[in-house]
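Every number in this text was worked out from the coordinates using simple rules, so none of it is lab data. A quick note: this is a predicted structure, and the numbers were derived from the prediction, not measured. Note that we place each Cβ from the backbone using ideal geometry, even for glycine, and neighbour counts take in every protein chain shown.
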Amino acid sequence: MMIKLAIALLFTGVAGSLSAAPLGLPPVPIPENNPQTAAKIALGDKLFHDARFSADGKVSCSTCHSQAKAFTDNLPVSKGFNGLTGTRNAPTVINAAYMKTLFWDGREPDLEGQSKQPPINPVEGGLPDHKPLLAVIRKDRDYVRAFRGVFGVAADAISMDHVAMAIASFERTIVAGDSPFDRYYYAGDKKAMTAAQIRGLAIFTGKGRCVSCHTIEQTQALFTDNRFHNIGIGFKKIHGREAQTAEQFLRAKRKGADVDVTVLTKQTMSELGRFAVTENITQVGAFKTPTLRNVDKTEPYMHDGSLATLEEVVDFYNNGGRVKETDPVSGFLSGGIRPLGLSKGEKKDLVKYMEALTSPDLERFTKR
Amino acid sequence: MHDNSRRKFLKQGGALLAAGTLSISVVELAFGKGSEDRFTFAYISDSHITQIKGNRFVRNWDRGLIRAVAEANLLDPRPDFVFYGGDIAQLGKPEEIDHGLEMLAGLRGKVHYVMGEHDYYLDLGDYWRKQLGPDHYSFDHKGVHFVVLNSILTHENWMHRKWDSGMDRMKQMARLDNPNGQPFMVGDTQRDWLKKDLEKVSKNTPIVVFSHSPLQKIYKGWNFWTDDAEQVQALLKPFDKVTVLYGHVHQIQTNQIGNISFQSAMATAWPWPYPATYKQQASYMPKLTVDMNRADPFFERDATGWQFIDVHSGRVDVNYLLPDNTNRTVAFDEKAGHPVDTKYQAEVNRIPPQKHY
Amino acid sequence: MTYRKTYRTLLAAASMLMVVQTAPVQADEFSDEDLARWQQEYLSVVGQGDKLFHGGLSSKNTVSCDQCHPNAANTHPETYPKFQRQLGRVVALWEMINWCIQNPLESELLAADDPRMIALQAYIVEERRGAVLEPGKH
């Protein structure tokens, strides 16, 4: 059964530029210059799990995006080589294929670009550059054969672009919809959600204002608007020092500092969010809206992993972007964030609803 | 080449944030004089701080002003000063003016204020003047003559009618689409003052005028209008370079009438529709306007914002900082002889949200 | 306020017609007098909507509809039903009005058949009269 499903996925990829979409999701967008093929996906799968692409030989993509943990690491912030930690929480790969930008600050436009960064980040893969990674591949007979088959290149012509394309192709097969919510909302199965979850959905699209950013549409739901918002997370780290932090960051950037490295290694500069990429001062502290699909399996939450449970998340929003009601409010706070006045029962229902966003077939990813 | 000179200026000025935030693709202008005359200021307007009761204020409007202040404080190099374009308050209450000023006190640097009708009609500007001083004045800064006018006065007999209360009068004026509304005007006294003030100024001195209402006639029904606009324009006509900056309209407007460039400010509170979207009445539209993007009401700050002004050789470039939207730059184009939107001016460059209907 | 002028014009036209048509109209189920009266009935509700729109809802935070929508401009009643992404589905005009009541006005939702909701819609559509129906348009 599982194998059948996998084969179906692979072949829909081969057949056209769009894969068949699970209930509640649109077709997966496939870039024209990187069509899906079964061999490329299999190669990407292998690369994704190869720990040799790191300074200590222990860190692969799957270290922080573990299949057993819904393609996250369930840690507040990710652990790289030698146990070094960065500043940001690992988002799930599931449905990342739909994202219009990658990373919390959207600093890469696609999965291909994203996959190149972690191996050479000083708190992730820790490699000085891509050369050691390519050296491993070129010496590996299986890889050489696979790259020749997929891209028609000889060993010494294998480039990081090829590696990135294969990994991205694999990631475009990690797609999951068909959750109880999808069956309730899009397939008319009124028993797919519990009464509490149905009440929670009403809060989600109404009083809770969640749907403003975590979009649901008439025939599909990505649960993200692909935009950037300052919701108040992490601002305490630079509160009152926003100008100095921004200035320090820009000075470093003008002198050639790499954005990817800076935001993952500097606690304060990390909190500049989207600003670090665009230098647009209306985007200080703004981070990308993550999808909420499978959110019950991807704890902890927020760009810094600072909220441990969905209950904490709901409290945070209910307090208008504050952990505690007595906390100060960020001056840069998105206009959409305000105290919601949800009752205890409403908050519970909202959490129950989010539990209905878990896809039933997540195990298929773990049984390789 | 033009781009380079701008980059050079920004670099020399140590302009970190400005350089990054604002479109570098601005059509750069040949400098008559050196770049030492170049300076910047921030321009914030229309916060409409509203008291609900006691110390409770409408949060949405508070947040708009707080955010503009927080963002303006990031500008590097520091702007020489800040202009506040009027309507701090919604109903002119001392509590509202004080609460607004409390938030504006967070700004680094000097703030100049313009009187708005929402600040005025409760007590005919008494409390505002007590806190902020005269409502019309002028000053010189780095070779530019700045003039501030109170353009939201109206007929004396209406202002001094036997009102039940000042609040009664205020509420009449606060309603934008009031069918019994009264037109704004600068009035004889201020025009006489302006005439005298300008006598001392040489004709090649650049002039920047601040008013709350547009010193041009757009749509009387919403008081996008100043009744004696032509008379004020006539006083400004002899000067080589004149820019009028105004608030009140809560939207982007751009115009050029003879020697006078007109540019409006966004509100920090909420956006207003363009008058042409009201089907039942005819209105004018400042002809160079590239409409602001239509607001998405679901992001409360969308289609609100504030401005960062770049003054060089006496010309004014307005950079619109628009949260949840794309920033805009409307810069004076020396060749065209009027301000242009540096990205969207050509019809082919317009995007769907700029279509208002 | 122009709808009131329209109403006066209509009444005048109707009364003129009645002078000319002295004989009762047989074939029709309603007369010009009926038309004028029904128009008046309608406009009375428009007038209620006007008041509600301009502060008459007594919202909890004092904010009123006309603050963002003078003369109900930029409400586009002719484009409903349409997809509203922040409500997550295709909605009717009254649901969008309710969104505004709940959010900028921070007040309690009105029922679809609440006379106030009917009146608000009457005022909004009246101010947009003459617009071509363009359902779904953004």
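What ranking of B:Arg315, A:Arg148 emerges when the number of other C-beta atoms within 10 Å of each C-beta is taken as an exposure proxy, fewest first?
Details: B:Arg315 20, A:Arg148 14.
Result, fewest neighbours first: A:Arg148, B:Arg315.
Estimate the FRET efficiency between A:Val153 and A:Asp258 by the formula 1/(1 + (r/R0)^6), using the beta-carbon distance for r and 41 Å for R0, to the nearest 0.05. Provide the component values of the computation, followed by the final result.
On the way: r = 28 Å, r/R0 = 0.67.
According to the calculation, E is roughly 0.90.
For a 19 Å ceiling on Cα separation, which of these pairs sit above it: B:Lys220/B:Lys287; A:Lys69/A:Lys236; B:Lys93/B:Lys171? Walk me through the intermediate numbers first.
Values: B:Lys220/B:Lys287 17 Å; A:Lys69/A:Lys236 30 Å; B:Lys93/B:Lys171 12 Å.
Violating the 19 Å Cα-Cα cut-off are A:Lys69/A:Lys236.
Could you identify which residue out of A:Lys324, A:Lys40, A:Lys288 has the top mean-square fluctuation in a GNM of chain A using Cα springs shorter than 10 Å?
A:Lys324
In whole angstrom, how far apart do the alpha carbon centroids of the range B:301-352 and the range B:271-296 sit?
About 17 Å separates the Cα centre of the range B:301-352 from the one of the range B:271-296.
Want the number for C:His138 to C:Arg85: 0.36 nm per residue separation, take away the alpha-carbon distance, what's left? Provide the component values of the computation, followed by the final result.
Numbers: separation 53, 0.36 × 53 = 19.08 nm, distance 1.09 nm.
The C:His138-C:Arg85 span can extend by a further 18.0 nm.
Output ³J(HN,Hα) for the range A:173-183: one whole-Hz value per residue in order, computed from phi by the Karplus curve 6.51 cos²θ - 1.76 cosθ + 1.60 with θ = phi - 60°, and x for Gly and Pro.
The phi angles translate into 9, 8, 10, 9, x, 6, 6, x, 4, 4, 5 Hz.
Calculated from DSSP H runs of 4 or more alone, at -39500 (n - 2.57) each and per residue, what is the 222 nm mean residue ellipticity of chain B, nearest 500? List each step's numbers first, then the result.
Numbers: 10 runs with 86 residues, N = 357.
One gets -6500 deg cm²/dmol as the mean residue ellipticity at 222 nm.
What's the local net charge at C:Met117, with K and R +1, D and E -1, over the other residues with C-beta under 13 Å away? Walk me through the numbers on the way to the answer.
Details: positive: C:Arg116; negative: C:Glu95, C:Glu108, C:Asp113, C:Asp114.
With Lys, Arg at +1 and Asp, Glu at -1, the net is -3.
Taking 0.36 nm per residue of separation and subtracting the Cα-Cα distance, what length does fully extending A:Glu247 through A:Arg145 add? Mind showing how you got there, number by number?
Details: separation 102, 0.36 × 102 = 36.72 nm, distance 4.91 nm.
Separation in residues times 0.36 nm, less the Cα-Cα distance, equals 31.8 nm.
For A:His303, A:His239, what ranking results if the residue with the fewest other Cβ atoms within 10 Å of its Cβ goes first? The partial results should precede the final answer.
Working: A:His303 23, A:His239 13.
Starting with the residue having the fewest Cβ neighbours, the order is A:His239, A:His303.
Need one number: % antiparallel among DSSP beta bridges in the protein assembly as shown, to the nearest 5. Present the calculation step by step, with values, prior to reporting the outcome.
Working: 42 of 64 bridges.
Taking every DSSP beta bridge within the protein assembly as shown, about 65 percent pair in antiparallel fashion.
What percentages make up the Cα-Cα pair-distance distribution of the range A:288-368 when the bins are 10 Å wide from 0?
16, 44, 29, 8, 3
Which residues' amide hydrogens lie under 5 Å from the amide hydrogen of B:Val316, considering only partners 5 or more residues apart or on another chain, with H built in the peptide plane?
B:Phe332
Under 12 Å Cα-Cα from C:Lys60, which aspartates and glutamates qualify once same-chain neighbours fewer than 8 residues away are excluded?
Correct list for C:Lys60: C:Glu106, C:Glu108.
Along Cα→Cβ, 7 Å out, is where each label goes; now give me the distance between the ones at B:Asp192 and C:Ala112 in nm to one decimal.
Result: 6.5 nm between the two label points.
Dipole size in debye (nearest 20) for the range A:2-171 around its Cα centre, Lys and Arg Cβ +1, Asp and Glu Cβ -1? Walk me through the intermediate numbers first.
Details: 17 positive and 16 negative charges, 74 e Å.
Dipole about the Cα centre, nearest 20: 360 debye.
Using the charge dipole of the protein assembly as shown (Lys, Arg: +1 at Cβ; Asp, Glu: -1 at Cβ; taken about the Cα centre), state which of B:Thr277, C:Gly136, A:Ala135 has its Cα farthest towards the positive end.
Farthest along the dipole direction, towards plus: A:Ala135.
Quick check: net charge around A:Lys288, other residues with Cβ under 13 Å of its Cβ, Lys/Arg +1 and Asp/Glu -1? Each step should come with its number before you reach the end.
Details: positive: A:Arg88, A:Lys100, A:Arg107, A:Arg227, A:Arg274; negative: A:Asp105, A:Glu108, A:Asp225.
Around A:Lys288, the surrounding residues sum to +2.
Which lysines have a Cα lying under 24 Å from the Cα of B:Lys195, excluding residues fewer than 8 positions away in the same chain?
B:Lys142, B:Lys203, B:Lys217, B:Lys237, B:Lys241
For B:Lys237 and B:Asn204 in one chain, what is 0.36 nm times their gap in residues minus the Cα-Cα distance, to one decimal in nm?
Numbers: separation 33, 0.36 × 33 = 11.88 nm, distance 1.16 nm.
So the chain would gain 10.7 nm between B:Lys237 and B:Asn204.
Fewest to most neighbouring Cβ within 10 Å: what's the order for C:Ile124, B:Ile49? The partial results should precede the final answer.
Details: C:Ile124 25, B:Ile49 29.
Ranking C:Ile124, B:Ile49 by Cβ neighbours within 10 Å, fewest first, gives C:Ile124, B:Ile49.
Would you mind computing, in nm to one decimal, how far apart the modelled labels at B:Tyr357 and B:Asp296 are, each placed 7 Å from Cα along Cα→Cβ?
My value for the distance between the label points is 2.0 nm.
With +1 assigned to the C-beta of every Lys and Arg and -1 to the C-beta of every Asp and Glu, and no other charges, what is the dipole magnitude of chain B about the Cα centre in debye, to the nearest 20? All intermediate terms of the calculation are to be shown ahead of the outcome.
On the way: 42 positive and 43 negative charges, 93 e Å.
With only Lys, Arg, Asp and Glu charged at Cβ, the dipole is about 440 debye.
Grab the other residues whose beta carbon is less than 12 angstrom from that of A:Tyr143, score K and R as +1, D and E as -1, and report the net. List each step's numbers first, then the result.
On the way: positive: A:Lys46, A:Arg52, A:Arg138, A:Lys139, A:Arg141, A:Arg145, A:Arg148; negative: A:Asp50, A:Asp140, A:Asp142.
So the surrounding residues net to +4.
Explain nothing, just the number: dipole magnitude of the range A:171-300 about its Cα centre with +1 on each Lys and Arg Cβ and -1 on each Asp and Glu Cβ, in debye rounded to the nearest 20. Please report the intermediate quantities before stating the final value.
Working: 20 positive and 14 negative charges, 63 e Å.
Result for the range A:171-300 is approximately 300 debye, rounded to the nearest 20.
Computed FRET efficiency, Cβ-Cβ of A:Asp327 and B:Ala105, R0 22 Å: what is it to the nearest 0.05? Spell out each step's value before the answer.
Working: r = 22 Å, r/R0 = 1.00.
After rounding to 0.05, the efficiency reads 0.50.
Would you compute, from DSSP H runs of 4+ residues alone, the mean residue ellipticity of chain A at 222 nm, taking -39500 (n - 2.57) per run and dividing by the full residue count, rounded to the nearest 500?
Working: 16 runs with 137 residues, N = 368.
Rounded to the nearest 500, it is -10500 deg cm²/dmol.
Sort all Cα-Cα distances of chain B into consecutive 10 angstrom bins from zero, then give the percent of pairs in each bin up to the one containing the longest distance.
Distribution as computed: 5, 26, 36, 25, 7, 1, 0 percent.
Would you please give the FRET efficiency between B:Phe139 and B:Asp168, computed as 1/(1 + (r/R0)^6) with r the Cβ-Cβ distance and R0 = 35 Å, to the nearest 0.05? Write out the running numbers ahead of the final one.
Values: r = 36 Å, r/R0 = 1.03.
Efficiency computed from Cβ-Cβ geometry: 0.45.
So what is Rg over Rh here for the protein assembly as shown, counting just Cα atoms and using Kirkwood for Rh? Please report the intermediate quantities before stating the final value.
Numbers: Rg = 30.2 Å, Rh = 29.8 Å.
Using only Cα positions, Rg/Rh for the protein assembly as shown is 1.01.
Can you spot the lysines whose alpha carbon is less than 16 Å from A:Lys347's alpha carbon? Ignore those fewer than 8 places along the same chain.
Of all the lysines, those that pass the test against A:Lys347 - Cα under 16 Å, at least 8 places apart if same chain - are A:Lys207, A:Lys324.
For chain A, go through all pairs of different Cα atoms, get the mean of 1/r, take its inverse, and jot down that Kirkwood value in Å. Write out the running numbers ahead of the final one.
Values: mean 1/r = 0.0466 Å⁻¹.
When all Cα pairs of chain A are included, the Kirkwood radius is 21.4 Å.
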